[in-house]
C-alpha cells in the first residue's frame with residue numbers, strides 16, 4: 001500500500017510494485033535521460049544526479065523505461081493519464097527518439113507535445129540548436145475532451161526552464177505540471193504521482209492546486225528538499241491557469 005501526500009525514498013519500480021491496481025489518477029514525470037555524463041555545454045552544465053549514475057547501456061535503459069511505463073499502466077485508473085517528459089538524444093551521431101521505446105509499452109500515445117525550452121546546452125554548429133523536449137500524453141483509453149481554454153494552448157508549450165532549486169541538475173518548471181493538472185483533473189480531486197520526483201516540483205503543483213500527491217525518488221537528498229518545499233506550500237481555494 002501507500003500513503004498519500006508523502007514523498008518516498010526508493011527505487012520507483014520497487015515502490016510502485018507495492019501499490020494496488022488502478023489507484024492513481026494522474027502521473028507527471030521526467031526520468032533521467034541516460035546522458036552518460038556526455039552532454040552539457042557553455043550554457044547548460046552536465047547533468048550529474050545525486051545517488052544515480054545515469055550511465056546504462058541504451059538497451060538496458062530502454063528496457064528499464066518500458067518496465068517503469070508498464071508498472072505505471074498497472075496502477076493508473078482506466079481514465080487516468082501519464083504525461084512523460086523526455087527528449088530526442090544523440091549518441092555517437094545517431095538520433096535516439098523516445099518513441100522507439102514508448103511504442104513498446106502498453107500505453108496508447110495520445111499526443112506528442114513540444115516543450116520549447118528556448119535554451120540549449122550545445123552551441124556548436126553540428127546541428128540546428130536543440131531547444132525542445134517532448135511531453136507525451138499517454139492513456140489507457142480514449143480520454144475525455146479538454147475544456148477549450150486548455151485545448152487552445154496548442155501542442156507547442158513555450159515554457160522557460162527552471163532557474164531555482166539547483167540542488168538538482170534538471171529541475172522541472174512548475175508551469176508544466178500546473179498546466180497538466182488543470183487540463184486533466186480540473187476541479188476534481190485526485191492523486192498525482194511523480195515516480196522520479198527530484199526536488200518535488202510536480203508535488204508542489206499538485207498541493208497548490210488542492211490535489212493529493214505521492215512522490216518517489218532514489219535520493220535522500222532530493223526527497224528531503226522536496227519535503228521542505230512542500231511544507232512551505234499553502235493550497236489555494238480558487239485557481240486558474
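The values are calculated or read from the model by the stated rules, or taken from the named source; none is laboratory data. Note that the structure is predicted; figures quoted are calculated from it, not measured. Glycine gets a Cβ as well: all are built from the backbone with ideal geometry, and neighbour counts include every protein chain shown.
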All conditions in (1) modelled with pLDDT under 95; (2) surrounded by 11 or more Cβ atoms within 10 Å (Cβ to Cβ) are true of residue 113 except (1)
Tally up the residues in region 52-95 that are closer than 27 Å to residue 214 by Cα and part of a loop (DSSP other than H, G, I, E, B), please.
5
With the structure loaded, tell me whether residue 227 is in a helix (DSSP H, G or I), surrounded by fewer than 22 Cβ atoms within 10 Å (Cβ to Cβ) and at pLDDT 95 or above or whether it fails that test.
yes
Looking at region 190-218, which of its residues are closer than 26 Å to residue 34 by Cβ and assigned to a loop (DSSP other than H, G, I, E, B)?
195, 196, 197, 198, 199, 200, 218
So, in region 97-139, of the ones that are in a loop (DSSP other than H, G, I, E, B) and in contact with a helix residue (DSSP H, G or I) (Cβ under 8 Å, 6 or more places away or on another chain), which residue ends up farthest from residue 74 (Cα to Cα)?
104
Give all pairs with beta carbons closer than 8 Å in which a residue from region 104-119 that is at positive phi meets a residue that is outside any strand (DSSP E or B); count only pairs at least 6 apart in sequence or on separate chains.
118/131; 118/160; 118/161
From 19, 2, which residue is in a loop (DSSP other than H, G, I, E, B) and modelled with pLDDT of 95 or more?
19
